[in-house]
Amino acid sequence: MDEPLETSELLAFSKAVDARSLSRAAAELGVPRATISRRLARLEERLGVRLIRRTTRSLALTDAGEALHRTPASCSTRSTTPRRACAGPTTPSAATCASRCRR
């Protein structure tokens, strides 16, 4: 899993979290909702952790998702930093994820 993270995936994640809705994020980005969903799934797969718990009516961040969302933009766009921060044998706490990203 050494593929670089896509900016479009990180943008979809950030917009979905800020909008608290995949539909609103899609509208803001001018893409179909399915595109946002695919980008989020690809980002989670690349990082090896679940970032968002989705239901038909709400989005909730996991600890790893919360840590990634709090990560400064300069850190989020570096290809390996989010992976190092959020990947591991178990889902790290938000504090652990964020602290690893700052390195």
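Assess whether residue 19 counts as being within 19 Å of residue 71 (Cβ to Cβ) and either touching a residue at least 60 places away in the same chain (Cβ under 8 Å) or touching a helix residue (DSSP H, G or I) at 6+ places or on another chain (Cβ under 9 Å) (or both). If you could, list the steps in order and put the result at the bottom.
Working: within 19 Å of residue 71 (Cβ to Cβ): yes; either touching a residue at least 60 places away in the same chain (Cβ under 8 Å) or touching a helix residue (DSSP H, G or I) at 6+ places or on another chain (Cβ under 9 Å) (or both): yes.
Yes; evaluated as a whole, the condition is true for this residue.
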Which residues, counting only those in the stretch 21-51, are over 12 Å from the mean Cα position of the chain (by Cα) and not in a helix (DSSP H, G or I)?
21, 30, 31, 32
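Read-outs: derived from the displayed coordinates by stated rules, not from any lab. Owing to the predicted nature of the structure, the values given are computational and were not obtained by experimental measurement. FYI the Cβ positions are ideal-geometry reconstructions off the backbone, even for glycines, and counts take in every protein chain you see.
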